[in-house]
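Working notes, beginning with the structure itself.
Please treat every number below as a calculation from the coordinates, not as lab data. All values reported here derive from a predicted model rather than from experimental measurement. Cβ placement follows ideal geometry from the backbone for every residue including glycine, while neighbour counts extend to all protein chains displayed.
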């Protein structure tokens, strides 16, 4: 399910910002980006995210903002002047002692150890772990609240769609009653024409038996009953707790599709087929949104 959560806190003299975003995915796919100073906490953060969030393509970003460097202001890596001067002096002596030509040593000096003061040196210690984890927890709670709101909107949408299918199913019945008689008359007309052409009478007893068999094949009573049951079960399942509800709703939607397809294949009437197409359209909308349910 899609979601978003954000939390902020003060970590020493810097602002910690935790953002969590997710997209649909059948399993947990966690991607993390953390400030170098916070990498020591990455394992604990991953464990917490995996425990609290069931599935999804989840992106977690932890950033630190320094009030001395406003947003958009470049932050440069400082140079250790003492180390630079030391290496410069040593390298120049080596040049003189070995008779090497004088050259600019700046590039070589900057590659020497400890010349560039890396941000990792300002990493936070274990005493800051509790604050970091508390902020991540707040972001997770905000993320879950967002999902709950999205879930309520989805539930409203699902109920509207279920009612739409039920309404269309009710509109099938008037056509169904006249359909059987229309099919009977059509068959009788063709048989009368055939008897006239062949000069042979049709066995009425055999005709009635075959017609009953044929009309039973076109009967859609069972499909209507099963489809109504699926609609009720879908609605009941939405009220369930725990994980796996989304997968169950997906299975129910598949069964609904089978019954609607059978209605279409048995309809033999343009008005009924139009209603079936409308049902399929609504069902596809349901299937698309079921992917957002955990």
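Take the alpha carbon atoms of segment 139-174, find their center, do the same for segment 225-285, and report the distance between the two centers in whole angstrom.
First find each Cα centre; the distance between them is then 14 Å.
Given points 7 Å out from each Cα along the Cα-Cβ axis, report the residue 271 to residue 225 separation in nanometres with one decimal.
2.5
Grab the Cα-Cα distance for residue 110 and residue 251, subtract it from 0.36 nm times how many residues apart they are, and report the gain in nm with one decimal.
Contour length minus Cα-Cα distance gives 44.6 nm.
Would you mind computing, in nm to one decimal, how far apart the modelled labels at residue 28 and residue 15 are, each placed 7 Å from Cα along Cα→Cβ?
Rounded to a tenth, the inter-label distance reads 3.1 nm.
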